[in-house]
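J.: Questions regarding the structure given below will be posed in turn.
All of the numbers you see were taken from the coordinates with simple rules; none came from a lab. Being a predicted model, the structure only gives us computed values, none of them experimental. For neighbour counting, all protein chains shown are included, and Cβ atoms are generated from backbone atoms with ideal geometry for every residue, glycine included.
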Amino acid sequence: MRHSRRRFLVTALGSPLLAATPRLNVERVEFIPVIVPMKKGTTVSENYGKYLDIRLRDFDKSAHYLIKLYAGGGIVALGETGREVPEAGVKANADFLTGKDLRALDFSLPSLGLPHTGTADGFEIAIHDAMGRALGVPVHTLLGGGMQKKVAVSYWTGQRTEPDLIEVGRRAVEGGFHNLKFKARVGDPIDNQLAAVAKACPGLTFIVDFNSSYPDLASFLPVAKRLEGFPVTIEDPVPKRLDWFRQLRTRTAIPYALTPSGPAQLFEAIREQACDVFNLGGNMRTFVKLGYAAELAGIPAWHGSGVEMGVRDMSFIHAAAATRSCTVPSDTLAYLREHDLLATPALRPREGFVDVPNAPGLGIELDEAAVKHYRARV
């Protein structure tokens, strides 16, 4: 009987599970702009030089919007948008939801039918949190079930000088992390940097993200040859031409990660055997679907990030927990900000993993004093 009930609970939203719930009317929606600075020294080396990607300095300049969705039964559910979204779009979705029964939303659509698609993913988080709280189940149950009890996460930094990168690597090891992800661009002395930090931090593995900065296969191939032998995965070294990725795989002994532009490119990459790992994103439901396709292909994945705060990061943890293929350390990085805005230390990695909450909904609450402190003017 317990097994039958579990199968019922993990049915997709919009199915008998949703129909069986009582009305869940949205009484009001509050949205709060917040900017939480990164901890000092966590992103880039300020003296990096001419190859520095200045976008890596911008994480403190744009607000995220925290969403507080008030529903029947005293439920206060939480969501969080990405950076650089328009307040008008957030307000349009908040107005649209006010007074609605959440069961009436169209869960077959990525946007849930919300009028502003660019902020719909932040509201999707709050809607799932509300339904999980109402049903007494964690969000990962609503997404298909808990495949993992803990989710691997990476230590992250931007572009670094060699001494700084060694120091970051040591911080990662001291924090119990097993993987360090960092940024590089065309022209960076990546082989020297990687050699130095690998020597100082034996046992640490690496992901190096080039953000497609090398213009073509010919320009990156000599670099790739110099990186053979290091415990490294290379992410998006060149523009996302799958024939170039496939040639890199056949001509060098390094695993390559692709951030697909969408489902079509993911399926094409699988068919063309163009990569070894996927960096996946999208809203929670889309991530789980793409992760399932990767699982069928036998390709592991991680959850990408826009360098979020605690609420959005926890939604990533639930999505990863519902995805069997998400075994590569993910980019859940709220611990690198001055505060994750959460009342409990739910997102503090231990030995390179974040435990998946089993409390109803997201399993988190806001630190209201911190929210007030970091509230932004927009």
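J.: What whole-number distance in Å separates the alpha-carbon centres of region 268-312 and region 136-215?
T.: Using only Cα atoms, the two centres lie 17 Å from each other.
J.: Using +1 on the beta carbon of Lys and Arg, -1 on that of Asp and Glu, and nothing else charged, what's the dipole of the chain about the Cα centre, debye to 20?
T.: Charge dipole of the chain: 600 debye, to the nearest 20.
J.: Let me ask something else about it. Would you mind counting up the charge near residue 38? Only other residues with Cβ under 10 Å from its Cβ, with Lys and Arg at +1 and Asp and Glu at -1.
T.: +2
J.: Using a Gaussian network model of the chain with C-alpha springs under 10 Å, which one of 114, 217, 258 is most mobile by mean-square fluctuation?
T.: Greatest mean-square fluctuation among the candidates belongs to 217.
J.: Of the options 157, 137, 207, report the single residue whose Cα projects farthest towards the positive end of the charge dipole of the chain (beta-carbon charges: Lys, Arg +1; Asp, Glu -1).
T.: Final value for the positive-end residue is 137.
J.: A further question on this structure: Please name whichever of 189, 291, 237 sits farthest to the positive end of the charge dipole of the chain, dipole taken about the Cα centre and charges placed at Cβ: Lys and Arg +1, Asp and Glu -1.
T.: Checked the options; the winner is 291.
J.: Now a separate question. Filter the cross-link list 68/183; 39/240; 68/100; 149/372; 181/225 down to pairs whose alpha-carbon distance in this structure exceeds 23 Å.
T.: From 68/183; 39/240; 68/100; 149/372; 181/225, over 23 Å: 68/183; 39/240; 149/372.
J.: GluC sites (Glu not before Pro), restricted to region 190-271: which are DSSP loop and have at most 14 other Cβ atoms within 10 Å?
T.: Passing both the DSSP loop test and the Cβ count: 228.
J.: Enumerate by residue number the trypsin sites (Lys or Arg not before Pro) in region 276-378 meeting two conditions: DSSP loop (anything except H, G, I, E, B), and at most 13 other Cβ atoms within 10 Å of the site's Cβ.
T.: For trypsin sites (Lys or Arg not before Pro) across region 276-378 that sit outside H, G, I, E and B with at most 13 neighbouring Cβ atoms in 10 Å, the list reads 377.
J.: Here's something else I'd like to know. Would you work out the charge dipole size for region 150-374 about its Cα centre, treating the Cβ of every Lys and Arg as +1 and the Cβ of every Asp and Glu as -1, and quote it to the nearest 20 debye?
T.: Roughly 420 debye for region 150-374.
J.: How much net charge surrounds residue 224 when only the other residues with a Cβ under 12 Å from the Cβ of residue 224 are counted, with Lys and Arg +1 and Asp and Glu -1?
T.: +2
J.: What do you get for chymotrypsin sites (Phe, Trp or Tyr not before Pro) in region 22-52 restricted to DSSP loop and a cutoff of at most 13 other Cβ within 10 Å of the site's Cβ?
T.: Loop-located and lightly packed - 51.
J.: Of [x] 66, 57, 38; [y] 70, 57, 45; [z] 61, 45, 35, which is the value of Cα extents along the principal axes in Å derived from the coordinates here?
T.: Of the listed options [x] 66, 57, 38; [y] 70, 57, 45; [z] 61, 45, 35, [z] comes from this structure.
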